[in-house]
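Novice: This is the structure, below, for whatever I ask next.
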Amino acid sequence: MGENNNFEEQNKLPELKLDAKQAQGFLSFFKTLPHDPRAVRVFDRRDYYTVHAENANFIAKTYYHTTTALRQLGSGSSGLSSASISKNMFETIARDLLLERTDHTLELYEGSGSNWKLVKSGTPGNLGSFEDVLFANNDMQDSPVVVALLLNFREKGCTVGLSYVDLTKRVLGLAEFLDDSHFTNVESALVALSCKECLLPMESGKSNDCRTLHDVLTKCGVMLTERKKNEFKTRDLVQDLGRLVKGPLEPVRDLVSGFEFAPGALGAVLSYAELLADESNYGNYRIRKYNLDSYMRLDSAAMRALNVLESKTDANKNFSLFGLMNRTCTAGMGKRLLHMWLKQPLLEVDAINSRLDLVQAFVDDTGLRQDLRQHLKRISDIERLIHIVEKGRAGLHHIVKLYQSIIRLPYIKGALERYDGQFSSLIKKKYLESLEVWTDDNHLNKFIALVETAVDLDQLDNGEYMISPSYEAALGALKAEQESLEHQIHNLHKQTASDLDLPLDKGLKLDKGTQYGHVFRITKKEEPKIRKKLTTQFIVLETRKDGVKFTNTKLKKLGDQHQKIVENYKSHQKELVNRVVQITATFSEVFEKLSGLLSEMDVLLSFADLASSCPTPYTRPDITPSDVGDIILEGSRHPCVEAQDWVNFIPNDCKLVRGKSWFQIITGPNMGGKSTFIRQIGVNILMAQVGSFIPCDKATISVRDCIFARVGAGDCQMRGVSTFMQEMLETASILKGATDRSLIIIDELGRGTSTYDGFGLAWAICEHLVRELKAPTLFATHFHELTALAHQKADQEPHAKQIVGVANYHVSAHIDTSNHKLTMLYKVEPGACDQSFGIHVAEFANFPESVVALAREKAAELEDFSPTAIISDDAREKVGSKRKRECNTDDMSKGAARAHRFLKDFSDLPLYKMDLKEALLQIGKLKDDLEKDAVNCHWLQQFF
């Protein structure tokens, strides 16, 4: 209750105080603003902020959750709905709009009356001048990235020119690649780069070919910003990059010349971010080629299915893989690197094993791990601090934070030097060699000496960040003069108290204020005692309840001199602070490398801490190249599920073996653990390729180039996409984007339509995955008939590719037949499940007994379905001749679809007097026709 009251107190609505003239002036200005439905315009009223019109309604409903927050500014039709925002609430709104949402921009105006000007503007990809608001009291969890795309549609697909800028890390990137109609490569790039905003030419936004791209941006939570086509230009691009990028111009020219469309996209990025307008950017950017094949590809569906990143709805941080694995100690930079690693798992076996070696070193040596983590807890966000320094916005407190981080390096270096285990040579190469270079007299020791000389470190305990007077003679002289004047004012205070026969401090006080400077003050009670002297020897300035303030010519003269010296001292302090900041900026390259080293160490220590601290420790996986080896996980567990307090997790084996069980069909009851099992395999493989130990007893993993997952979809009503359509779109992305080196996870495909259509699609998709893609697949389903795929023989399919490597598994459950009670065992075992358990699960949900009984009765009628039918010769001849024409094909997926259509047509005939199975068997002519198509015949036999 206390916390709620505190929140309400901090964020309560300030009173909207505008007189009629101010209101009229503002209304006239507001009408001149162009309409922009995405812009949230905030007006700074000094003590509070206001929003108006549609923005006011949006703020009231979204953040105050009530329209009572609205006020009317002006009267009649010319009036505006308005809402006021406190300083604290503005920070909350700004963080949500720019860091969480992807559908708004934020603008801040300053002024009064009818004179207002835009002073700050930010978007989800370009936080710009709002960084001081967003991260004043919070860590930066992710580095927002702006991407620009230039598309060239051709017959065989689309060539995509991609460029991006990471404004926090000051990195520019270019890429160019072919993509399919689903933009699967673009989606993977957006996920891997943590893209928040995407620039497209206005003309592209109107193209029908780009509708799918817009859907991809929405799925990835990326804001679309359309720009004029002339911004996607390459004129003077190399020269512009020469000013921004560190190093010689020739490598930049060579890199840009290797692309056809990406340079145009890069031109749009430079224009949009206005990089050339800020001289602090000059010489501080790096440029690189981005290769999609450098990392495992993950699309938005896989990220959601595997719960890789945190969600707003997560009640517990352990619900997501990021929340579980984030045990980083540094202030922000380790967390951001983990965020990036989880979206960019490695593909090279040596690189993965190098990370695993370091994790193992930290797991094996508990003392080393604990020492390093304790030191890293005192490391500030060096990456962000140096960004502020380079931008010229740093204060002395930023420099001190850098200093306090750097002085921890000898302790970190000492802890690493004491390690003499199996991986000591790797630790020396990875960490110690760099730390030795950076901590010698030519590098960071110079920065330490600068701070210890320039900053008055003794004042830090008082919360003051000041340049030491001894740093420069002129500053020292000003400080000495200031102290001399303060001493004279103190002596005058003592002398005056003696002259007035008043006790010092308790009787005669010395105050200092902005209005009068140094003044004497006595209480109103003491005033009658010295009234005569006051009127003859002093100048009375003010009489109030708290007393009488007065001065004399000597105090005024000393006070004026002191004020002037203080202002000169502050001005000189500011100049020297700027000089120290500029000198610190010269160390930025070393700081950037140091932040990379420390954040990487932080993440690997986090992996080791997680692997060691779990009740059942994690194990190191054996990694093999993608073209060899199998995926064997013995005793595997889902790391996020087992981390919940209420879960006693039952481990399971998964053996995806080439040619034997590379494609696994998993059946079993709802709530039996199918979804958890298939997801945990994907999560374990992702963790392994990130470089982490995994929750298994033993593991061998053949590296996967991407993970595709379709584990449930919801309506996308805003885009006019139904549940089933969303399911089909995600599956189409799998069929187009997967390779034999991918991992495919599919859960309950085909449940969003009729049983016949759903089963036909599921069968055809399975066959395509097995025969064409040949990727390791986990396919969970309630279509028990799909298990027949494992028994297909080559002689049954003379014109088709052999089906190999299909294996059936099921999650086990126990039924007590005496009372129809179902007990889930959560074990995955070989073989197909021979029944459904839907009614038993309904019992778990506490259905009324009458409903459950009727369900059993109706299910029994369908299972024992024995209606009779008089089937006319005309009907038999009609169906038979139709199938004879359609079934003359060796196309597997068409055969399955035709077969299921036959059953649908047949089921529409009036049936009575004859058992359905018997009727089907008696349709001899139809059966003879279908036997010519062996696939269809085999498919039908599942129903006979």
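Novice: What is the sum of charges, Lys and Arg at +1 and Asp and Glu at -1, for the other residues whose Cβ falls under 9 Å from the Cβ of residue 511?
Specialist: Within the 9 Å Cβ shell, the charges total +4.
Novice: Just the ratio, please: alpha-carbon radius of gyration of the range 2-134 over 2.2 N^0.38 Å, N its number of residues.
Specialist: Against the empirical 2.2 N^0.38 Å value, I get 1.02 for the range 2-134.
Novice: Would any residue of the range 52-90 have its amide N under 14 Å from a label point 7 Å out along Cα→Cβ of residue 35? List them or say none.
Specialist: Label zone hits: 54-55.
Novice: Going by how many other Cβ atoms sit within 10 Å of their own, how do 772, 187 line up, fewest first?
Specialist: 772, 187
Novice: Mind jotting down the distance between the C-alpha centroids of the range 180-243 and the range 633-681, whole Å?
Specialist: Here the two parts' Cα centres lie 38 Å apart.
Novice: Related question: Once the other residues with Cβ under 10 Å from the Cβ of residue 217 are scored (Lys, Arg +1; Asp, Glu -1), what is the net sum?
Specialist: Charge balance in the 10 Å sphere: -2.
Novice: Give me a comma-separated list of calculated 3J(HN,Hα) values for the range 644-658, in order, Karplus coefficients 6.51, -1.76, 1.60 applied at θ = phi - 60°, integers in Hz, x for any Gly or Pro.
Specialist: 6, 4, 8, 9, 10, 6, 9, x, 9, 8, 9, 10, 8, 10, 4
Novice: Are any of the pairs 61/196; 529/549; 446/574; 494/556 more than 18 Å apart by Cα-Cα distance, and if so, which?
Specialist: Pairs exceeding the cut-off: 61/196; 446/574.
Novice: Quick check on the exposure proxy: order 400, 628 from fewest to most C-beta atoms within 10 angstrom.
Specialist: Fewest to most other Cβ atoms nearby, the residues stand as 628, 400.
Novice: Same structure, new question: What list do you get for 546, 630 if you sort them by fewest beta carbons within 10 Å?
Specialist: Starting with the residue having the fewest Cβ neighbours, the order is 546, 630.
Novice: Still on this model: Averaging sequence separations of C-alpha pairs under 8 Å and six or more residues apart, then dividing by the length of the range 622-833, give the relative contact order as a whole percent.
Specialist: 27 percent
Novice: Positive end of the charge dipole of the range 254-343 (Lys, Arg +1 and Asp, Glu -1 on Cβ, about the Cα centre): tell me which of 321, 258, 334 has its Cα farthest that way.
Specialist: Among 321, 258, 334, the one farthest towards the positive end of the dipole of the range 254-343 is 321.
Novice: Quick check for me: using +1 on Lys/Arg Cβ and -1 on Asp/Glu Cβ, what's the dipole size of the range 494-582 about its Cα centre, in debye to the nearest 20?
Specialist: In total the dipole reaches around 160 debye.
Novice: Output the peptides 615-622, 373-380 sorted from most to least packed, where packing is the average of other Cβ atoms within 10 Å over each peptide's residues.
Specialist: 373-380, 615-622
Novice: Separate question: So if I take the alpha carbon set of the range 622-833, get Rg, then get Rh from the Kirkwood formula, what is the Rg over Rh ratio?
Specialist: 0.97
We did not get these values from a lab; they are worked out from the coordinates using the rules stated. Every value quoted in this text rests on a predicted model; they were computed, and no experiment measured them. With ideal geometry, Cβ positions are generated from the backbone for all residues, glycine too; neighbour counts draw on all protein chains shown.
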